[in-house]
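The values are calculated or read from the model by the stated rules, or taken from the named source; none is laboratory data. Because the structure is a prediction, the values reported are computed rather than measured. Positions of Cβ are generated from backbone atoms using ideal geometry, with glycine treated the same way; all protein chains shown enter the neighbour counts. Protein only, heavy atoms only, side chains kept; ligands, DNA and RNA dropped before computing areas. Shrake-Rupley method; radii C 1.70, N 1.55, O 1.52, S 1.80 Å.
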Amino acid sequence: MTRLTVAQALVKFLANQYSERDGVEQRLIPGTFGIFGHGNVAGVGQALLEVADSGEMPYHLARNEQGMVHAAVGFSRMRNRLQALACTASIGPGSTNMLTGAALATTNRIPVLLLPSDVFATRVAGPVLQELEQPYGYDVSVNDAFRPLSKFFDRVWRPEQLPAALLGAMRVLTDPAETGAVTIALPQDVQAEAFDWPEELFAKRVWHIARPVPEPAALERAAAIIRSAQRPLLVAGGGVHYSEATEALRAFAEATGIPVGDTQAGKGALLWDHPQAVGGVGATGSPVANALAREADVVIGVGTRYSDFTTASRTAFQRPGVQFVNLNVAALDAAKHAGAMLVADAREGLDALRAAIDGYHAPVTWDATDWNRVVDEAFHLGHQPLPAQTEVLGALNEEMDARDVVVQAAGSMPGDLQMLWRARDAKQYHVEYAYSCMGYEIAGALGIKMAAPDREVFSLVGDGSYLMMSSEIVTAVSEGIKLNLVIVQNHGFASIGALSESLGSQRFGTNYRYRDPATGMLSGDKLPVDLAANAESLGAKVIRVKTIEEFRAAIATARASDVTTAIHIETDPLAPVPSSESWWDVPVSEVAALDSTQQARKAYEVHKRDQKPLIGGTQP
Ligand SMILES: Cc1ncc(C[n+]2csc(CCOP(=O)(O)OP(=O)(O)O)c2C)c(N)n1
Ligand SMILES: [Mg+2]
């Protein structure tokens, strides 16, 4: 027996967990982020202190609890879900600040271990500072809000419950089909309570990350559908990366001649210059992929959750009788669009499918020449007086090393990136677009750099996102984790502004401007906000540029620097962007006094006619 507190036992246990896939072992939880308050300072905090100089559980002090969960997600995604970080927070607001991160992790299917602190189990001191006190249930705390956001939730009211909670948590973290936010709530008194633990609790444990193989009958059904295809299209999602199936995908594509489109999480699954890479599918995709999608008779989805952006809100696939073959480790996704379900690991499934349809070659052709010219033009617009955002993305795309990573999450950039970015390395493109959370950019980049210290990380940050969460710059500076930030200043929401205009809402409330006393609207002058000065004040080195030529030079300077560097550039939010020739369903008011809204509603109703509640599943 080993006598330790619950928190000490937790840390000791986590330090002895490993994951393994393809015979390669690594620490499952190689570090912990945290912010201490009265809920964890003497519990988990004390336990982390006891091992602080042993390297058993490195501790990183974050600046915002939401930010530390984003960083943990960035880390794990970069490590293809083979590792996860723990996040400890104090009770009340410290814990609820992690809720957005929890939702982001679960939506993206990325493992993170959340350790919110909780109110006293004994209740003797209650109600404690920051306790919710619900009259209908004294056992309810703010941490119950993690339940709908987590793939695993437990609260350790008593020390005896800890081993089972830990085993359950590790299982879900390492289950590729179930993974996401994993939450163990720790009452503050229980954290500090001692218990006699069996030695075996702290034995080294290896969690095998499975590569489930397809069931033979399911494989045969899927193969039969693909063999019958005249115009197949493969849609590569994030699962291709997480399963490290990019080589298997390339082999499958080359053996079959099937064109490969990608999703936000899947970009780079097949590198952009491969002759069969046709670009993004859906609302922010390429017209080449979207033309193939419209006509496809068989859609092979690999590791994709088919978000509305991918299906263009169920308008992307227009051929009557289009059939789906869905290779996914999660049955949830494999079943979508009435597809033939191939529940398996992406790499195993692709290899098995390739063998099963040996000799098949898709009789489909396409031509990307025009589109490639459009992208080149967008990258080199020469827009005046301020550069266009597409030129910023183009310059970055061209100046970055193939192994550098570009990071984004929300605003107008994810769409432009998905449409235009030419991924030259499988892990070059990191856009969080399942939760599309403003604030992920800098915090996520921190975790990405921790996961891949040998790569340069360039985070593109809109002014809106910057204002929402720039706090982890300080963490990066303090830890000596070097980030490159590109702050794209356009004085408000280019994205929602354009969306608003297209929906007849006249960009209302989307500009960062002074309130104009004459109109009562936020339509006055630009604000005197200086985000470069702000980044500098947080410890970043700053380069201010005005032109694309200066920007190109700044990229090289930032790359060569050892310290976190922010490049500030102002762009024209109204500059033109190529069309994806696709659509996204955002409902327009059915009745309106405004003429602009009435016109937009008419256009909306035309698009709605193409939308299918059920896309696949019917026989031709
Ligand atoms: C946390 C969060 N709040 C709100 C939104 C909705 N939203 C999406 S984009 C956007 C504006 C982003 O502004 P900015 O970062 O400046 O990017 P830009 O649109 O100018 O490219 C908003 C408010 C969101 N995605 N995330
Ligand atoms: Mg903006």
key: Restricting the stretch 439-461 to residues that are away from ligand 2 (no atom under 16 Å from the Cβ) and of a type in the set (Asp, Glu), the residue that is surrounded by the most Cβ atoms within 10 Å (Cβ to Cβ)   = 456
inquiry  = Among the listed residues 120, 202, 195, 146, identify the single one that is closer than 27 Å to residue 27 by Cα and open to solvent by 40 Å² or more (accessible area, probe 1.4 Å).
reply    = 195
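Residues 99, 82, 49, 4: which one is over 24 Å from residue 168 (Cβ atoms) and either free of Cβ contacts under 8 Å to residues at least 40 places away in the same chain or open to solvent by 10 Å² or more (accessible area, probe 1.4 Å) (or both)?
After ruling out the rest, the residue left standing is 49.
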task = Say whether the condition of being open to solvent by 60 Å² or more (accessible area, probe 1.4 Å), of a type in the set (A, V, I, L, M, F, W, C) and under 30 Å from residue 280 (Cβ atoms) is met by at least one residue in the stretch 532-545.
result = no
task = With respect to residue 488, determine if the residue is within 14 Å of ligand 2 (Cβ to nearest atom), under 19 Å from residue 557 (Cβ atoms), in contact with a strand residue (DSSP E or B) (Cβ under 9 Å, 6 or more places away or on another chain) and open to solvent by less than 10 Å² (accessible area, probe 1.4 Å).
result = yes
All positions within the stretch 546-555 that are of a type in the set (A, V, I, L, M) and open to solvent by 50 Å² or more (accessible area, probe 1.4 Å) = 553
key: Filter result for the condition that a residue is open to solvent by 10 Å² or more (accessible area, probe 1.4 Å), of a type in the set (Ser, Thr, Tyr) and either within 21 Å of residue 81 (Cβ to Cβ) or within 16 Å of ligand 1 (Cβ to nearest atom) (or both), over 465, 436   = 436
ask   = Is at least one residue of the stretch 437-457 part of a loop (DSSP other than H, G, I, E, B) and among the aromatic types (Phe, Trp, Tyr)?
value = no
message = Filter the stretch 599-620 down to the residues that are in contact (Cβ under 8 Å) with a residue 12 or more places away in the chain and open to solvent by 80 Å² or more (accessible area, probe 1.4 Å) and list them by number.
response = 599, 613, 614, 619, 620
task = Have a look at 173, 114, 167, 132 and point out the one that is without any contact (Cβ under 8 Å) to a residue 60 or more places away in the chain and within 30 Å of the chain's Cα centre (by Cα).
result = 167
task = For the stretch 541-568, name all the residues that are assigned to a strand (DSSP E or B) and of a type outside the set (S, T, N, Q).
result = 541, 542, 543, 544, 545, 566, 567, 568
